[in-house]
Structures are given as C-alpha cells and as structure tokens.
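Presented below is the structure to which this report refers.
The values are calculated or read from the model by the stated rules, or taken from the named source; none is laboratory data. Owing to the predicted nature of the structure, the values given are computational and were not obtained by experimental measurement. Counting neighbours? That spans all protein chains shown, and the Cβs are built from the backbone with ideal geometry, glycine included. Side chains are part of the model used for accessible areas, which takes the heavy atoms of the whole protein and leaves out ligands, DNA and RNA. Shrake-Rupley method; radii C 1.70, N 1.55, O 1.52, S 1.80 Å.
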Amino acid sequence: KLENATAKAELGRASWKLMHTMMARFPDAPTPDDSLALQTYIQLFARLYPCGDCASHFQLLLQEYPPQTSSRNAAAGWACYVHNEVNKRLKKELFDCSKIGDFYDCGCGEDGKNGK
Ligand code: FAD
C-alpha cells in the first residue's frame with residue numbers, strides 16, 4: 001500500500017497530544033507503581049506504534065534517553081525532549097520545553113486528586 005503522509009502526520013499529532021497530556025496529568029509525587037506503569041506504557045507505545053519506521057526510530061531514542069518517571073515535571077520534560085529529537089530528525093521547529101507548563105490541558109476539570 002502507498003504511504004499516506006497526511007494520515008501519518010495526523011496519527012503523529014494525535015499520539016503526541018495524548019502523550020504530552022498524559023504527562024501533564026502524571027502525579028507530582030508518583031508511587032513506584034505509578035512510575036512503573038508509565039515506564040511500561042511508554043515501552044509498549046514504542047513497540048506497538050502503528051508506523052513501523054517511526055516505532056523503530058523511537059525505540060532507539062528510548063535506549064538513548066530512557067523515560068523519566070520520577071515526577072510530573074521529569075516525565076513532561078522527558079517527553080518534550082524526545083519529541084524535539086523527533087522534530088530535529090524531521091527538520092521541524094523545536095518546542096521551548098520551559099513553556100510546556102499549562103500547554104496541555106486535558107479539559108477534564110476537577111475529576112480526581114490530580115485534577116487542575
Ligand atoms: P507534531 O510534531 O505532531 O506536534 C504537534 C504539536 O505539538 C505541535 O504543533 C506543537 O504545538 C507541539 N509540539 C511540538 N514539539 C513539541 C515538543 N517537543 N513537546 C511538546 N509539544 C510539542 N513522522 C515521520 O514522518 N517519520 C517518523 O519517523 C516519525 N516518527 C514518529 C515517532 C513518534 C513516537 C510519533 C508520536 C510520531 C512520529 N512521527 C513521524 C510523526 C511526526 O512526529 C509528527 O507528528 C507529524 O509529522 C506531524 O507533525 P506536526 O508538524 O503537525 O507537529
């Protein structure tokens with residue numbers, strides 16, 4: 001089947017959006033189980049990502065820059081960093097990770113102890 005760059009880009013935007021929004025909602029002080037869950041999620045995401053080329057590259061990135069899951073800040077900073085590594089490879093503009101603060105809002109209101 002022919003490559004469809006529009007669909008591939010759309011999948012990428014949706015995936016990054018979910019990834020960064022998840023980081024923005026990760027606990028400030030995660031339990032070891034929370035951290036393990038996020039580690040596992042990221043590893044499986046990298047393994048199962050539907051674009052095979054993207055997945056291979058991303059798995060190599062994870063080896064070089066292991067996921068940081070000790071806090072919300074660490075996780076959000078890590079995700080911003082690796083997304084920028086992908087941006088570099090695709091010759092895209094880099095995102096200023098110091099501005100990631102409230103950029104990703106899940107819109108879910110006060111729905112739990114980590115609600116904003
Ligand atoms: P995207 O990169 O999708 O970003 C969406 C929005 O997120 C931007 O508009 C900006 O507001 C914000 N943003 C940008 N950088 C950051 C950052 N560092 N941190 C937080 N927010 C940011 N495409 C390929 O062609 N080849 C690949 O090998 C490839 N690998 C990928 C691997 C993964 C794991 C993922 C999730 C996607 C991959 N993609 C790949 C898709 C690619 O990264 C883009 O999603 C796609 O090209 C659309 O790009 P975009 O310019 O709309 O912005």
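Would you please list the contacts, defined by Cβ atoms under 6 Å and residues six or more apart or on different chains, that run from a residue in the stretch 38-60 that is at pLDDT 95 or above to a residue that is within 7 Å of the ligand (Cβ to nearest atom) and open to solvent by 60 Å² or more (accessible area, probe 1.4 Å)?
Cys51/Lys8
Could you list, in sequence order, the residues of the stretch 36-62 that are open to solvent by 20 Å² or more (accessible area, probe 1.4 Å) and over 25 Å from Ala9 (Cβ atoms)?
Leu36, Ala37, Gln39, Thr40
Which count do you get for residues in the stretch 1-37 that are in contact (Cβ under 8 Å) with a residue 40 or more places away in the chain and basic (Lys, Arg)?
At the first step, the residues of the stretch 1-37 found to be in contact (Cβ under 8 Å) with a residue 40 or more places away in the chain are 8, 11-12, 16-17, 19-21, 23-30.
Those left that are additionally basic (Lys, Arg): 8, 17, 25.
Selection size over the stretch 1-37: 3.
Quick one: Gly109 ticks every box in (1) of a type in the set (Gly, Ala, Ser); (2) open to solvent by 30 Å² or more (accessible area, probe 1.4 Å); (3) at pLDDT 95 or above bar one, so which box is it?
(3)
Which residues, counting only those in the stretch 74-88, are among the β-branched types (Val, Ile, Thr) and in contact with a Leu (Cβ under 7 Å, 6 or more places away or on another chain)? First the steps, then the outcome.
Pass one, the stretch 74-88, residues among the β-branched types (Val, Ile, Thr): 82, 86.
Across the stretch 74-88, the qualifying residue is only Val82.
Run down Asp96, Asp111 and say which single residue is more than 8 Å from the ligand (Cβ to nearest atom) and under 20 Å from Ala29 (Cα atoms).
Numbers: Asp96 fails: under 20 Å from Ala29 (Cα atoms).
Residue meeting the stated conditions: Asp111.
So Glu3 fits all but one of (1) within 11 Å of the ligand (Cβ to nearest atom); (2) open to solvent by less than 80 Å² (accessible area, probe 1.4 Å); what number is the exception?
(2)
Could you go through the stretch 18-29 and let me know if any residue there is open to solvent by 60 Å² or more (accessible area, probe 1.4 Å) and within 19 Å of Leu94 (Cα to Cα).
Within the stretch 18-29, one or more residues are open to solvent by 60 Å² or more (accessible area, probe 1.4 Å) and within 19 Å of Leu94 (Cα to Cα).
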